Amino acid sequence: MSDFDYDLFVIGAGSGGVRAARIAAGHGAKVAIAEQYRIGGTCVIRGCVPKKLLVYASRFSDEFEDARGYGWQTGEPVFDWSTLIKAKDKEIARLEGLYRANLNKAGVAIFEERAEVTGPNAVLLKSSGRSVTAGKVLVATGGKPSLGEPIEGLEHVITSNEVFDLKKLPRRIAIYGGGYIAVEFAGIFAGLGAETTIVYRGDKILRGFDEDLRDGLSEAYAKRGIAIVTNRTFASIEKSGSGLIGRLDDGSNIEADQILFAIGRAPNTVDLGLNAAGAKRGGNGHVVVDETSRSSTETIYAVGDVTDRVALTPVAIREGHSFADSTFGNKAWHADYEMIPTAVFSTPEIGTVGLPQHLAEEGRAALDTYKATFPPLKATLSGRDEKMLMKLIVDGESDKVIGCHVLGADAAEIVQMAAIAMRLGATKADFDATMGLHPSAAEEFVTMRERWIAPGEAAG
Ligand SMILES: Cc1cc2nc3c(=O)[nH]c(=O)nc-3n(C[C@H](O)[C@H](O)[C@H](O)COP(=O)(O)OP(=O)(O)OC[C@H]3O[C@@H](n4cnc5c(N)ncnc54)[C@H](O)[C@@H]3O)c2cc1C
């Protein structure tokens, strides 16, 4: 019999926390979980899932246009934001119910209130004032949008927390940020018909991604009428009669009905009590953990976005699962961070796995790049002026495929499968020996024969 109320107390019922709680309970541990907002966490309630639903909604405008080239006569399509948001809310509530049911089924006690750590084995439930003890505490509190330096009028902006519940579709929206969340919302709002401007302090969107993807998407967005204002920051924001005026650092103004700040996220550790329990935090507030997800306090663990490792849902889930198996299931393993595929659900979409060219070049004697840019078959009849980009980066010595990048329809679906082959160490010769699936865009990856020669290289 344990001296504690629970073997495991999980703080945060998001991707990582829910998985850890269910698996630990499955191993026979007595588990409780606390959630201060809604069960399911960021991904389900105000992240990946509702975002992808909005992405689907935004892409119908292309479909209506493209359909004409294929003989369809359609009337002027009409979009209704409140119908979309109502349907989205219903689906999110259904998913939340599933998460709750699964926790119940696993025998996990649920506390729907904020929890804070008060000691290595102690947690305080804030609204009920109840104190509980646990053999182990798992911090899975995720992250929240950062607003950056305080500026005048910051109270007028929205973040990804509010954007899913807007009462109406903004006619004009300015989106601050150049990362994947900013870029995805730009695609969503432009597709739904809003006049969309991205304001970014850097010189090109999607820092860290392969340059060809960054250039390709910037071009595609320009063609779609999305304005990208680079090397600019917001200096202040004020209300005007018809909406908001954002003043930029060069003195220029942007008028919009909504200004969405998507400039980064910070780990949710403020006032969480980690200092009192002796669990160290890093520079941006994240919980510092070792590869087993243990913090500097032996009984306190952390998984997911709050650890600032790789802020993606599948990663949080794996970390939660491995923690529970290793700690309560006598099956020690940890998450493998090699070849994590990721997507940007812009329109056109990006899928990417492995190294971008600039990182692949670092410290490598030989590198082969294969690139194809072509109009997708669908565009022939629809007349859509958009190109698909597919790129493979191959280690010149081992012939292993170390980078795979796609810009275009279904990029995420294509790259998920390429990631399996690449994790298994597939070489370019393996790709070449694989039969193509015709007609598809993905077959390009098994038919690329010509090494891409950079302009300077050709001359040399
Ligand atoms: C707009 C957006 C789009 C995204 N799109 C994608 C995508 O397409 N693909 C992808 O892989 N990832 C995506 N992500 C990232 C993904 O949502 C996160 O990586 C994932 O949710 C992290 O899971 P987690 O368990 O660490 O934290 P979360 O899912 O954030 O869960 C943490 C939970 O803890 C709760 N909590 C916090 N503090 C306390 C406390 N003191 N007491 C009780 N409860 C507390 C929070 O309310 C929250 O429910 C997106 C994120 C955003 C914001």
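The values are calculated or read from the model by the stated rules, or taken from the named source; none is laboratory data. Quick caveat: nothing in here was measured; it's all calculated off a predicted structure. Glycine gets a Cβ as well: all are built from the backbone with ideal geometry, and neighbour counts include every protein chain shown.
Name every residue in the stretch 324-382 that is assigned to a loop (DSSP other than H, G, I, E, B), over 28 Å from residue 455 (Cα atoms) and among the basic types (Lys, Arg), in order of residue number. Residue satisfying the conditions is 331 alone.
Could you say whether any residue in the stretch 215-222 is under 30 Å from residue 355 (Cβ atoms) and of a type in the set (Phe, Trp, Tyr)? Looking through the stretch 215-222, at least one residue is under 30 Å from residue 355 (Cβ atoms) and of a type in the set (Phe, Trp, Tyr). For the stretch 283-304, enumerate the residues that are loosely packed, with under 15 Cβ neighbours inside 10 Å and under 29 Å from residue 175 (Cα atoms). Hits for the stretch 283-304 are 283, 284. Return only the number of the condition from (1) of a type outside the set (D, E, K, R); (2) buried (at least 23 other Cβ atoms within 10 Å of the Cβ); (3) more than 20 Å from the chain's Cα centre (by Cα) that residue 188 does not satisfy. Among (1) of a type outside the set (D, E, K, R); (2) buried (at least 23 other Cβ atoms within 10 Å of the Cβ); (3) more than 20 Å from the chain's Cα centre (by Cα), the lone unmet condition for residue 188 is (3). If you go through the stretch 288-307 and keep only what is in contact with a Pro (Cβ under 7 Å, 6 or more places away or on another chain) and near the ligand (Cβ under 10 Å from one of its atoms), you end up with 305, 306. Of everything in the stretch 115-136 that is of a type in the set (A, V, I, L, M, F, W, C) and away from the ligand (no atom under 13 Å from the Cβ), the residue that is surrounded by the fewest Cβ atoms within 10 Å (Cβ to Cβ) is 122. Given the condition surrounded by fewer than 17 Cβ atoms within 10 Å (Cβ to Cβ) and in a helix (DSSP H, G or I), answer yes or no: does some residue in the stretch 137-155 qualify? Yes, some residue in the stretch 137-155 is surrounded by fewer than 17 Cβ atoms within 10 Å (Cβ to Cβ) and in a helix (DSSP H, G or I).
Kindly indicate whether any position in the stretch 393-400 is under 23 Å from residue 425 (Cα atoms) and surrounded by 20 or more Cβ atoms within 10 Å (Cβ to Cβ). Scanning the stretch 393-400 turns up at least one residue that is under 23 Å from residue 425 (Cα atoms) and surrounded by 20 or more Cβ atoms within 10 Å (Cβ to Cβ). The C-beta contact set for the stretch 1-28 (first residue hydroxyl-bearing (Ser, Thr, Tyr), second residue modelled with pLDDT of 95 or more and within 15 Å of the ligand (Cβ to nearest atom), distance under 6 angstrom, 6+ apart or interchain) comprises 6/32; 6/134; 15/41; 15/43; 15/313; 15/316; 15/317.
With a requirement of 1 or more residues that are among the basic types (Lys, Arg) and either over 18 Å from residue 181 (Cα atoms) or at pLDDT below 95 (or both), the strands (runs of 3 or more DSSP E) lying completely within the stretch 207-323 that satisfy it span 234-240, 243-248. Restricted to the stretch 82-105, and to residues there that are touching a residue at least 60 places away in the same chain (Cβ under 8 Å) and crowded, with 17+ Cβ neighbours inside 10 Å, the residue that is farthest from residue 22 (Cα to Cα) is 85.
When the stretch 208-228 is examined, which residues are found to be basic (Lys, Arg) and surrounded by 14 or more Cβ atoms within 10 Å (Cβ to Cβ)?
At the first step, the residues of the stretch 208-228 found to be basic (Lys, Arg) are 214, 223-224.
Of everything in the stretch 208-228, those that are basic (Lys, Arg) and surrounded by 14 or more Cβ atoms within 10 Å (Cβ to Cβ) turn out to be 214, 224.
For the condition buried (at least 22 other Cβ atoms within 10 Å of the Cβ), on the phi < 0 side of the Ramachandran plot, of a type in the set (A, V, I, L, M) and touching a helix residue (DSSP H, G or I) at 6+ places or on another chain (Cβ under 9 Å), residue 316 qualifies.
Considering the stretch 158-172, the residues that are within 15 Å of the ligand (Cβ to nearest atom) and among the aliphatic types (A, V, I, L, M) include one that is nearest to residue 239 (Cα to Cα), namely 158.
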